[in-house]
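Have a look at the structure below before the remarks.
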Amino acid sequence: MSLLLLLALSVPGVVVDHVPAPGRAYVGSPSIVILKTGAYVASHDLFGPGSSQNTSAVTRVFRSEDRGATWVRTAEFNDQFWSNLFEHRGRLYLMGCTYEYGQPVIRSSRDGGKTWSEASVLSEETGCHTAPMPVAEWKGRLWRTYEWHPDGPWGFFESRVASAPLGADLMQPASWTFSERLPFPANAEAGQHWLEGNAIVARDGRLLNILRVANVEKAAIVEIRDPRRLEYRKMINFPGGAKKFTIRFDRKSGKYWTLSNPVLPEFDKPGVNPAQVRNTLALMSSPDLETWTTERIVLRHPDVEKHAFQYVDWQFDGDDLVVASRTAFLDGHGGAHRAHDANYLTFHRVERFRSGGQ
């Protein structure tokens with residue numbers, strides 16, 4: 001058995017794609033969807049100095065016909081970055097930005113991700129920022145969060161949301177309404193910036209945006225009042241809140257669920273930025289989107305510097321969760337450049353997630 005094969009077998013989960021670090025292009029923005037046909041489709045983009053992230057970013061799409069056991073690449077195209085997959089009325093969509101801080105964009109597939117339309121740019125305004133975030137249905141519309149990034153250094157993101165009527169042609173720019181841009185609140189209890197928000201319907205019927213807060217293990221709650229208005233509500237304690245997370249509601253348990261990257265006590269050291277600690281993946285639940293409980297640790301590696309299970313996207317699959325991870329792990333090419341700069345897209349199954357795996 002070859003060394004490369006042995007190393008691949010040591011990577012947790014199923015390897016969907018491997019991009020060795022020496023090429024200076026890294027795996028980003030994992031997304032996953034289960035189609036009504038039962039097929040799984042996953043995607044990721046490429047970032048880093050060896051990529052075209054600043055001009056015309058590249059996204060790859062993969063498909064599995066055996067519930068994630070094996071994967072085949074079905075597409076690769078430009079002008080797609082920080083994007084999420086979702087199915088709506090029989091069509092598969094991929095929605096994000098054209099490149100780093102480019103324009104918002106969407107494209108579609110009528111055959112489950114095998115072939116794709118050209119990209120449709122939804123606004124000529126640049127400064128687009130996002131990640132593979134979930135799409136919500138509320139009051140007859142689809143809702144997806146974005147941020148706007150001003151010129152200058154990283155940070156200072158302004159929260160916004162895009163929405164379209166459920167029956168609209170999602171490929172037409174005129175179908176989409178973009179909200180006002182909401183800066184990080186000056187009176188926030190903690191944090192410096194916010195980004196990568198989740199549009200999610202609360203128990204009381206309000207549509208909220210739950211955002212990652214850079215540099216602290218908290219999340220921010222913004223209320224989406226209508227297609228154009230946003231209002232900051234509060235900051236909450238959220239283990240892993242300094243990293244990207246995806247929230248979804250499970251009708252069977254009556255709870256909201258997420259997978260996050262908490263900083264475990266042994267890695268919580270003075271001077272360590274929690275946003276960079278991504279070596280642990282935890283399953284969390286909440287009855288109300290405000291109080292979060294860690295249910296179990298799903299993945300963990302003792303090394304923080306060059307190992308991570310991050311930016312995960314996931315879906316319910318009966319009693320399980322299926323997960324796509326931007327994974328930094330050992331390989332036969334020196335491993336990941338660093339934890340942030342992942343060299344794998346991996347697939348995972350969290351079995352019997354409601355019962356703690358028992």
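Worth pointing out:
- Modelled FRET efficiency - R0 25 Å, Leu35 with Asp226, Cβ distances, 0.05 increments: 0.20
- Farthest positive-ward along the chain dipole, Cα basis, beta-carbon charges - from His337, Val27, Gln53: Val27
- Calculated P(r) tail over 22 Å for the stretch 1-91, as whole % of Cα pairs: 34 percent
- Cα gyration tensor shape for the stretch 241-332, rounded if a/c is under 1.5, else prolate or oblate: oblate
- Pairs from Lys36/Lys244; Lys114/Lys244; Lys139/Lys255; Lys36/Lys234; Lys218/Lys255 whose Cα-Cα separation, in the structure shown, is over 31 Å: Lys36/Lys234
- The stretch 36-136: Cα Rg divided by the 2.2 N^0.38 Å rule of thumb: 1.05
- Per residue, the chain exposes 40 Å² of solvent-accessible protein surface, assessed with a 1.4 angstrom probe and all protein chains in place.
- Carbon and sulfur %, accessible surface of the stretch 304-358 computed with the full protein complex present, 1.4 Å: 46 percent
- Here the accessible area is traced with a 1.4 Å probe on the protein chains. For the stretch 175-285, carbon and sulfur cover 48 percent of it.
- Residue-averaged 222 nm ellipticity for the chain, from DSSP H runs of 4+ at -39500 (n - 2.57), nearest 500: -500 deg cm²/dmol
- 3J(HN,Hα) along the stretch 191-196: x, 10, 9, 10, 6, 6 Hz, from the Karplus curve 6.51 cos²θ - 1.76 cosθ + 1.60 with θ = phi - 60°, whole Hz, x for Gly and Pro.
- In angstrom, the C-alpha Rg and Dmax of the stretch 107-261 are 15.8, 48.
- Spread over its residues, the convex hull of the C-alpha atoms of the chain is 137 Å³ per residue.
- Checking every one of the trypsin sites (Lys or Arg not before Pro) in the stretch 246-282 against DSSP loop status and a limit of 11 other Cβ atoms within 10 Å picks out Arg251, Lys252.
- Look at where the Cα atoms of the stretch 274-323 and of the stretch 118-183 average out, and the two centres are 26 Å apart.
- Top positive-direction residue, dipole computed over the chain with Cβ charges, set Phe62, Gly102, Val121: Phe62
- Protein accessible area in the stretch 28-151, 1.4 Å probe - carbon and sulfur %: 46 percent
- Magnitude of the charge dipole, the chain, Cβ model with Lys/Arg +1 and Asp/Glu -1, debye to 20: 660 debye
The values are calculated or read from the model by the stated rules, or taken from the named source; none is laboratory data. These numbers come from a predicted model, not from an experiment. Glycine also receives a Cβ, built like all others from the backbone with ideal geometry; neighbour counts cover every protein chain displayed. Only protein heavy atoms, including side chains, enter the accessible area calculation; ligands, DNA and RNA are left aside. Shrake-Rupley method; radii C 1.70, N 1.55, O 1.52, S 1.80 Å.
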